[in-house]
1. Find the relative contact order for segment 1-98 and round it to a whole percent, using C-alpha pairs within less than 8 Å whose residues are 6+ positions apart.
2. What does the extension gain come out to for residue 58 and residue 111, with contour length at 0.36 nm per residue minus their alpha carbon separation?
3. Length gain on complete extension for the stretch residue 156 to residue 99, per 0.36 nm per residue less the alpha carbon to alpha carbon distance?
4. In whole Hz and in residue order, list the ³J(HN,Hα) couplings for segment 25-36 that follow from phi through the Karplus curve 6.51 cos²θ - 1.76 cosθ + 1.60, θ = phi - 60°; x for Gly and Pro.
5. Stretched out fully, how many nm does the piece from residue 130 to residue 164 gain, at 0.36 nm a residue minus the Cα gap?
6. May I ask you to give the solvent-accessible area per residue for the chain, in square angstrom, as obtained with a 1.4 angstrom probe?
7. Answer rounded, prolate or oblate for the chain, using the Cα gyration tensor with square roots of eigenvalues a ≥ b ≥ c: rounded when a/c is under 1.5, else prolate when a/b is larger than b/c, else oblate.
Amino acid sequence: SSDPMCVVTNEGHLQRVNSALAQSLSQALPDLLGTRFIDHVCPEERERIESLFTSIAENREPVSFSARLAAGDGSVVCIECRAESLGAAGPICIVGNDVSEGKVTESALHREEDFVSLLQIAAVASNEASSLEDALATVIAAICARRGLSLGHSYLVTEPGVLEASSR
């Protein structure tokens, strides 16, 4: 299958892994066997995933979730998963869908939308401000607000080699 799949023991170790998961994690398939699944999960998500695994084992109900896994090459792999216990005290079977490329595209789209929004703010400020300094102050304030910055600077070239600073 082209979908990442694995079987995790009750102790949390990878018992079976397909080549799609090994490829997603940029690791050799034999190197993954016997490792703890949770060790491949990004640290900030481990507690949530461990809680999900406990719930799956106790309730034996299928669960859908997303996980960010740390690949061997240092990249982060985003996987949408469906997990199910294979019986009382049995291992957990996980089938995933690598959505990393979609997440990268989504992130790029959000950056572009943010940039276009700032351009719109700059256009409105340049048309409505009473001076260039007021327009720059409006744009700097918008950039600072978007980036969570408390201070921003702009520089206006007043003549060759002369910069006039403006702050927010």
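The values are calculated or read from the model by the stated rules, or taken from the named source; none is laboratory data. Only a predicted model underlies this, so the values are computations on that prediction, with no experimental measurement involved. Side chains are part of the model used for accessible areas, which takes the heavy atoms of the whole protein and leaves out ligands, DNA and RNA. Shrake-Rupley method; radii C 1.70, N 1.55, O 1.52, S 1.80 Å.
1. Averaging sequence separation for qualifying contacts and normalising by length gives 31 percent for segment 1-98.
2. Full-extension gain reported as 14.9 nm.
3. Length gained, residue 156 through residue 99: 16.1 nm.
4. 8, 6, 9, 6, 3, x, 6, 7, 4, x, 6, 7
5. 10.4 nm
6. 61 Å²
7. prolate
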